[in-house]
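First up is the structure itself, then whatever we jot down about it.
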Amino acid sequence: MDTQKEALQRIITTLATKNDEIQNFIDLLNHRLKGVQVNSSKVLSDLDEEFDGLFSLLEEMKESMTSNIKQEQAHKTQELQNQLTQCTNALESSEELLEFASRTLDIREPEEFTKAARQIKDRVTMAAAFRLSLRPKVSDNMTHLMVDFSQERQMIQTLKFLPVPKAPEIDPADCIVADNCVCVSWRMPEEDNKIDHYVLEYRKTNYDGLPRVKDERCWEVIDHIKGTEYTLSGLKFDAKYMNFRVRACNKAVAGEYSDPITLETKALTFTLDNTSSHLNLKVEDSYVEWDPTGGKSQENKVKGKENKGRSGTPSPKRTSVTARPTMVRGSRDRFTGESYTVLGDATIESGQHYWEVKTQKDCKSYSVGIAYKSIGKFDQLGKTNTSWCLYVNNWLQATFAAKHNNKAKVLDITVPDRIGIYCDFDGGQLAFYNAETKQLLHSFKTKFAQPIVPGFMVWCGGIMLYTGLQVPSAVKTLQKSENGMSGSSNSLTNVPH
């Protein structure tokens, strides 16, 4: 009976998986069907626009050429008209002179004849008829303005649709994921000199496999990429994977998408656990701020003397409340007393992880580090053997120190605006870095005997948390270098607890 049930359960699981695949394929087909209708209408509209543009261009060319012909006609007409006028005037003058010469032949008086002959000679010498060019200045030929459209006609007759670019190919082995950047590289299956640009699309997902039509996130688009690779930078890796696909475009048409690929973009992502925070802390996901009135909202108030401070953290006149009943939130109670602490909601049990914090400029005191989940509700970061931290005090006397098990090592380094925390659980290493320059500030070496959680203390100020970050390449390099050095300059190295 049990065997039959197990077999039936396997059949049901297989059938459900197949049904899910078929439904996903149906969604894809419906999506493609709508795409065909939308894209067909767009292509028709684009075709009309292209031909309208061609007609408009031909009309403009016709107007320009017509104007050139008319200008040439006016120029030649003016030149010939001028010559015609000059010749007509010269002919009239010449005929008048000829008539005068004919009358002179009839003069009988020698002296009068001689005088008339001299006048005729002078007038002939100055006559316009003898200075005229009897060749037309311009030709009546207008063939130089003729247009031969035979080649263009052949080109238009051979006009056809641009070939659709083939789908590019993305090789995951050529893609690089590092420093919260993803460099995606692709190639064309064959050379295509008509490609104008590429379009890259990506989206984050927690699903390991080919992307689905109905995914929780929409595709993000990067258009007009001229090369065959693109680097996405400044990403927050708040999902386990990213899907990528790319398509090639020529001047008129976009090709099919490449086969999508999935790249792993796993990084430690967590928020602040409000249920663990001290009542005097205001917590909002990735930001914690000191709130001196936080405890006053509780009904049970306890008046206490002003804290003299059993630790290096100066405390204002605090408002505390009676212990609340044990809360179910990761097997620990809310911090109280002088432990102005909040934990991250992620438990680290293996692997290498990295996150960063940035404090307000006027923050008087804060600590950043890690702690075992078993840390007590009165414990302060660095004051017990269950926590490790960097401690910054800007109140009265500036202090910058590494703390663990109630021991402190003063750091003679300028406190950076942003601190990076690197944790190698398996290698037993906790290191703090200047997040901007990647300068090593301090490192602890130990062997973690229990799961750990990120921890933060703040007094009179606020801390911003940045997660979803990979271990930076510079940090990896520094860690290899440090691990290769003999000995250690760390005075707070400890044994397992």
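Annotations
- Given (1) within 30 Å of GLY255 (Cβ to Cβ); (2) open to solvent by less than 80 Å² (accessible area, probe 1.4 Å), index of the condition ASP52 fails: (2)
- In the stretch 169-203, the qualifying residues are those that are open to solvent by less than 80 Å² (accessible area, probe 1.4 Å), outside any strand (DSSP E or B) and hydrophobic (A, V, I, L, M, F, W, C), and the one that is nearest to ALA239 (Cα to Cα) is CYS175.
- Screening the stretch 234-271 for residues that are assigned to a loop (DSSP other than H, G, I, E, B) and of a type in the set (A, V, I, L, M, F, W, C) and picking the one that is nearest to PRO454 (Cα to Cα) gives PHE270.
- Hey, MET457 open to solvent by 60 Å² or more (accessible area, probe 1.4 Å), within 30 Å of THR336 (Cβ to Cβ), modelled with pLDDT of 95 or more and not hydroxyl-bearing (Ser, Thr, Tyr) or not: no
- If you check VAL147, VAL177 for being β-branched (Val, Ile, Thr), within 30 Å of THR77 (Cβ to Cβ) and in contact (Cβ under 8 Å) with a residue 12 or more places away in the chain, only one passes: VAL147.
- Condition met for PRO163 (assigned to a loop (DSSP other than H, G, I, E, B) and under 60 Å from the mean Cα position of the chain (by Cα)): yes
- Test result for MET61, under 60 Å from the mean Cα position of the chain (by Cα), open to solvent by less than 70 Å² (accessible area, probe 1.4 Å) and not polar (S, T, N, Q): no
- Every residue from the stretch 204-232 that is at pLDDT 90 or above and in a loop (DSSP other than H, G, I, E, B): TRP219, LYS226, GLY227, THR228
- For the stretch 263-279, filtered to residues that are within 28 Å of ALA178 (Cα to Cα) and open to solvent by 50 Å² or more (accessible area, probe 1.4 Å), the residue that is farthest from the chain's Cα centre (by Cα) is THR269.
- Residue list for the stretch 79-95, restricted to those being loosely packed, with under 11 Cβ neighbours inside 10 Å and not hydroxyl-bearing (Ser, Thr, Tyr): GLN81
- Criterion (charged (D, E, K, R), at pLDDT 90 or above and surrounded by 12 or more Cβ atoms within 10 Å (Cβ to Cβ)) met by exactly one of LYS76, LYS34: LYS76
- Residues that are open to solvent by 80 Å² or more (accessible area, probe 1.4 Å) and in contact with a Pro (Cβ under 8 Å, 6 or more places away or on another chain), drawn from the stretch 123-168: LYS166
- Filtering the stretch 403-415 for residues that are open to solvent by less than 50 Å² (accessible area, probe 1.4 Å) and more than 39 Å from the chain's Cα centre (by Cα) leaves a non-empty set.
- Every residue from the stretch 417-432 that is under 17 Å from THR399 (Cα atoms) and at pLDDT 95 or above: ARG418, ILE419, PHE432
- Residues being closer than 30 Å to VAL357 by Cα and surrounded by fewer than 18 Cβ atoms within 10 Å (Cβ to Cβ) are entirely absent from the stretch 244-251.
- Evaluation of THR85 against (1) of a type in the set (Val, Ile, Thr); (2) within 30 Å of PHE51 (Cβ to Cβ); (3) part of a helix (DSSP H, G or I) (one fails), failing number: (2)
- Unique residue being charged (D, E, K, R), under 25 Å from PRO163 (Cβ atoms) and in a helix (DSSP H, G or I) when the list is GLU21, GLU49: GLU49
- Residue check for GLY427: in contact (Cβ under 8 Å) with a residue 60 or more places away in the chain and surrounded by fewer than 19 Cβ atoms within 10 Å (Cβ to Cβ): yes
- Subset of the stretch 98-130 [touching a residue at least 24 places away in the same chain (Cβ under 8 Å) and not in a helix (DSSP H, G or I)]: ALA127
- Only residues that are open to solvent by less than 90 Å² (accessible area, probe 1.4 Å) and within 23 Å of GLY255 (Cβ to Cβ) were counted in the stretch 14-28, giving 2.
The values are calculated or read from the model by the stated rules, or taken from the named source; none is laboratory data. Note that this is a predicted model, so its numbers are computed, not measured. All Cβ positions, even for glycine, are placed from backbone atoms using ideal geometry, and neighbour counts span all protein chains on display. Heads up: the accessible areas ignore ligands, DNA and RNA and are worked out on the full protein's heavy atoms, side chains in. Shrake-Rupley method; radii C 1.70, N 1.55, O 1.52, S 1.80 Å.
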